[in-house]
Amino acid sequence: MQYYSLNRQSPPVDFRTATIAGQAPDGGLYFPETIPQFSADFLRDLPRLSQADIAYEVMQPYVGDTIPEAD
């Protein structure tokens, strides 16, 4: 997933760059290009999932392949 500056004066960046920089060079905040939606299955299974599994499922669309799954 790419992140864009809310001021729209800087090029889009990946999760790692947005997280480390914190703020775009144009002074804008980084925002994801899309907001992922959770599947009905995920929402149904929430009570049975561990906190780690929930965190992974929530963050994975934002992080993408920036952080390898093994980590």
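The values are calculated or read from the model by the stated rules, or taken from the named source; none is laboratory data. Please read all numbers here as calculations on a predicted model, not as lab measurements. Methodologically, a virtual Cβ is constructed for each residue, glycine included, from the backbone with ideal geometry; neighbour enumeration extends over all protein chains shown.
Within the range 24-59, the set of residues being polar (S, T, N, Q) and farther than 14 Å from Gln2 by Cα comprises Gln37, Ser39, Ser50, Gln51. Condition first: in contact with a Leu (Cβ under 6 Å, 6 or more places away or on another chain) and in contact (Cβ under 8 Å) with a residue 24 or more places away in the chain. Can you find one or more residues in the range 12-20 that meet it? Checked the range 12-20: no residue is in contact with a Leu (Cβ under 6 Å, 6 or more places away or on another chain) and in contact (Cβ under 8 Å) with a residue 24 or more places away in the chain. Taken together, the residues in the range 23-57 that are in contact (Cβ under 8 Å) with a residue 12 or more places away in the chain and either among the polar types (S, T, N, Q) or within 23 Å of Ala70 (Cβ to Cβ) (or both) amount to 4. Against the conditions (1) at pLDDT 95 or above; (2) exposed (fewer than 10 other Cβ atoms within 10 Å of the Cβ), where does Ala70 fall short? Just the number, please. Going through (1) at pLDDT 95 or above; (2) exposed (fewer than 10 other Cβ atoms within 10 Å of the Cβ) one by one, Ala70 breaks only (1).
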